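Below is one structure, written out as structure tokens; the observations come after it.
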Amino acid sequence: MAADSRKQILRLLSRFGAIILTRFGFWNCFSMLMLFAERADVKRKPDIQVPYLYIDMGVAVLCASFMSFGVKRRWFALVAALQLAISTYASYMGGQVHYGDWLKVRMYSRALAITGGFLVLASGAGEVYRQKPRTRSLQSTGQIFLGIYLICMAYSLQHSQEDRMAFLNHIPGGEIPLQLLSVLYGVLALSFFSGYYIRSAAQVLAILMPLVILFIDGNLGYWYQGRRVEFWNQMKLVGQNVGIFGAVLILATDG
């Protein structure tokens with residue numbers, strides 16, 4: 001009886017993670033449109049040139065729509081991963097907007113982690129009624145991308161004054177808990193890289209991420225007013241971390 005209840009809870013959490021991840025494309029496109037509207041007021045360019053930007057958004061919305069309805073979810077998750085990877089590369093290489101190094105780490109590491117989340121979804125993880133065998137190579141690649149994101153988090157806590165202050169404002173005890181958190185991110189990254197204890201590592205991360213999203217990313221006053229991050233760029237970053245949380249939930253319950 002208890003085992004059946006536990007399986008049902010895990011199944012619900014896995015489905016919840018899949019719902020978050022498959023709908024990520026909608027929020028990402030909406031926040032991008034709002035960001036570029038915000039920039040239009042001050043005559044700043046978008047990250048990607050306009051003709052290609054519309055194609056990029058169209059593909060993202062198409063993939064999100066099919067994944068949301070469960071139509072060829074694995075295939076469209078793979079396409080979504082490829083689309084996001086190309087979009088992030090084009091944004092980085094385009095150089096139309098200047099970002100500080102610390103902000104680049106935040107932006108591109110999260111985009112890489114979402115790409116990894118889509119690869120995890122494309123592997124067949126998180127499917128309630130799996131009809132085909134899981135593709136372990138895709139899941140392992142996705143886990144590596146998520147591990148890189150965790151390494152970037154650990155790096156930012158050591159070398160980015162902006163990130164350090166964001167955490168220190170909410171962590172009691174000062175520097176020591178911050179260093180312990182940095183070590184924790186590193187240990188979790190090693191688990192994602194190696195593939196060992198992946199479910200346990202994902203469960204720890206699933207507990208940690210909502211706190212980070214709520215207190216760190218959600219501190220809009222700090223990022224927008226204190227660090228001059230564009231409002232809708234920060235909202236986009238919040239959405240990316242929520243999408244990563246969805247991928248982590250899948251691995252925590254079906255890793």
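The values are calculated or read from the model by the stated rules, or taken from the named source; none is laboratory data. Keep in mind that this is a model prediction, so the values were computed, not measured. Neighbour counts are summed over all protein chains in view; Cβ atoms, including those assigned to glycine, are modelled from backbone coordinates with ideal geometry. These area figures cover heavy atoms from the full protein model, side chains too; ligands, DNA and RNA do not enter into them. Shrake-Rupley method; radii C 1.70, N 1.55, O 1.52, S 1.80 Å.
General remarks:
- In region 154-255, the chymotrypsin sites (Phe, Trp or Tyr not before Pro) that fall in loop regions by DSSP, at most 10 other Cβ within 10 Å: Tyr196
- Taking all protein chains together, His170, His98 sort by accessible area into His98, His170, largest first [probe 1.4 Å].
- Between Met165, Met107, Met235, the residue with the greatest mean-square fluctuation in the GNM of the chain (Cα pairs under 10 Å linked by springs) is Met165.
- Distance between the C-alpha centres of region 76-93 and region 1-48: 16 Å, rounded to the whole angstrom.
- Extension gain for Met34-Arg134 works out to 32.3 nm (0.36 nm per residue, less the C-alpha to C-alpha distance).
- Flagged links, alpha-carbon separation over 28 Å, of Lys7/Lys236; Lys104/Lys132; Lys7/Lys104; Lys43/Lys104; Lys45/Lys236; Lys7/Lys72: Lys7/Lys236; Lys104/Lys132; Lys7/Lys104
- Take Lys72: with every protein chain present and a 1.4 Å probe, its accessible area is about 140 Å².
- Area accessible to solvent at Arg136, 1.4 Å probe radius, in Å²: 130 Å²
- Kirkwood hydrodynamic radius of the chain, from the reciprocal of the average inverse Cα-Cα distance over all distinct pairs: 18.7 Å.
- The chain, accessible surface, carbon-and-sulfur percent (1.4 angstrom probe): 66 percent
- Segment Ser200-Tyr52, length gained on full extension (0.36 nm per residue, minus Cα span): 49.2 nm
- Take the Cα of Leu168, step 7 Å toward its Cβ, do the same at Phe215, and the gap between the two points is 1.6 nm.
- For region 75-204, the solvent-accessible area works out to 49 Å² per residue, with a probe of 1.4 Å and every protein chain left in place.
- Residue-wise HN-Hα coupling along region 97-112, computed from phi with Karplus coefficients 6.51, -1.76, 1.60 (Hz; x: Gly, Pro): 10, 8, 10, x, 4, 5, 6, 4, 4, 4, 5, 6, 5, 6, 4, 5
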